[in-house]
Ligand code: ATP
Ligand code: MG
């Protein structure tokens with residue numbers, strides 16, 4: 001059979017046999033968000049192009065090369081979100097969420113779109129978990145957000161990640177740094193790529209983030225931002241470091257981190273791994289005190305991070321971290337004959353209504369094949385209902401693990417009988433586990 005078409009290059013499907021991994025990771029992200037007092041925000045997949053030009057910045061790789069921008073039938077220019085921060089900030093402003101008081105703490109789990117060269121850990125559609133805080137100038141906010149990101153790695157059991165932090169100053173001190181960078185890069189103009197040449201005047205800091213190896217080589221000896229930041233920025237950065245020390249979170253100061261998006265000020269950070277190849281940055285974020293103003297709002301010191309979920313899953317895989325498989329089936333019921341099948345159907349529905357997992361045949365398998373199937377899906381209990389069982393109104397409930405059977409009624413009494421067996425078998429498992437631990 002020939003498919004009419006394949007999935008688009010740079011996109012990936014999450015198939016039913018794999019989705020539990022995503023759900024497990026997302027569940028931890030949601031739980032940790034809750035623990036840190038963040039509530040979910042959901043924004044549209046596309047926005048006016050202007051939003052990203054303004055916030056991400058039109059000298060960045062994302063805006064210059066990577067956006068999926070198109071004109072609608074109405075002649076508007078819209079863009080698929082390349083990241084989650086801009087849309088969240090737009091929504092907070094548009095709906096006056098700040099009227100509820102600061103800080104506003106929001107998280108998102110979202111797809112992002114960037115026209116990049118697909119490779120391991122780099123796709124055209126990828127997914128981010130992100131946290132955003134608005135209205136929080138204190139360095140405790142920076143530390144809180146970094147600790148929140150770290151708590152997700154901790155809960156997943158990820159090791160060997162390095163946390164790298166830097167401060168890239170503010171509007172007061174950055175012009176001096178820009179000047180020094182511009183002088184330095186002008187001296188090495190002949191080695192810079194076309195894009196970086198165009199950045200030289202408008203945003204020389206972007207050159208530090210260029211992935212072209214020649215530009216990266218020149219950038220190695222460029223002036224270091226920490227030598228240029230003002231006293232306020234220094235005090236803020238010291239505060240962040242003290243909090244991370246207090247939380248016993250190890251970090252490295254990496255003066256080369258500038259982050260790929262324009263809106264950052266002061267603290268920037270990345271969690272980097274050596275275990276997943278060239279695309280090693282699993283999480284990146286920092287402070288963006290000017291963003292809300294840039295979008296037309298009041299001065300609102302803000303910060304956040306984006307974590308790449310595909311890269312995180314690659315990391316879990318490379319570190320052989322087992323994600324627990326969800327249970328597949330608590331009870332499989334086989335009905336023989338029309339009347340028994342209806343009875344089985346009723347019982348299955350009843351078990352499902354109390355949130356346990358029950359299955360019956362919908363494929364048309366024979367009895368033997370159904371038994372094999374119940375084995376294959378590792379059903380915990382099974383039961384066969386035929387004419388005799390219907391007549392006597394009772395059947396044998398089989399514990400598939402211990403191979404023991406117990407007679408249960410097929411009237412309303414079934415549910416109680418089944419649940420008590422189910423709970424017993426769980427308890428004895430727990431007991432076994434406890435005994436094994438002693
Ligand atoms: P990189 O330097 O790897 O291109 P970035 O600085 O462009 O990353 P951010 O904009 O900070 O990335 O996005 C936050 C996180 O989202 C990254 O740390 C990464 O984990 C993930 N990410 C970014 N781009 C992609 C992509 N194309 N495919 C998969 N994950 C991505
Ligand atoms: Mg990038």
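Every number in this text was worked out from the coordinates using simple rules, so none of it is lab data. None of these values were measured; they are calculated from a predicted model. Note: ideal-geometry Cβ built from the backbone for every residue, glycine included; neighbour counts use all protein chains shown.
At a glance:
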{"quantity": "Relative contact order of the chain, defined on C-alpha pairs under 8 angstrom at six or more residues apart (%)", "calculated": "14"}
{"quantity": "Within the range 331-437, percent of DSSP bridges classed antiparallel, to nearest 5", "calculated": "55"}
{"quantity": "Euclidean distance of C-alpha centroids, the range 254-324 and the range 62-97, integer Å", "calculated": "19"}
{"quantity": "Cα gyration tensor shape of the range 331-437, rounded if a/c is under 1.5, else prolate or oblate by comparing a/b with b/c", "calculated": "prolate"}
{"quantity": "Residue order, fewest to most surrounding Cβ atoms within 10 angstrom, among 334, 348, 342", "calculated": "342, 348, 334"}
{"quantity": "Footprinting exposure proxy for 54, 352, 266, 90 (fewest neighbouring C-beta atoms within 10 Å first)", "calculated": "352, 54, 90, 266"}
{"quantity": "DSSP-defined antiparallel bridges as percent of all bridges, the chain, nearest 5", "calculated": "80"}
{"quantity": "Cα gyration tensor shape for the range 1-93, rounded if a/c is under 1.5, else prolate or oblate", "calculated": "oblate"}
{"quantity": "Residues residue 392 and residue 116, FRET efficiency given R0 of 60 Å [Cβ-Cβ distance, rounded to 0.05]", "calculated": "0.35"}
{"quantity": "Linear extension gain, residue 424 paired with residue 65, 0.36 nm per residue minus alpha-carbon span", "calculated": "123.2 nm"}
{"quantity": "Centre separation in Å (Cα based) which lies between the range 373-438 and the range 219-233", "calculated": "67"}
{"quantity": "Rounded tilt (10° steps) of 139-156 against the dominant C-alpha axis of the chain", "calculated": "40"}
{"quantity": "Cα-based helix-to-principal-axis angle, 338-352 vs the chain, degrees rounded to 10", "calculated": "40"}
{"quantity": "Three-way shape label, the chain, alpha-carbon gyration tensor, a/c 1.5", "calculated": "prolate"}
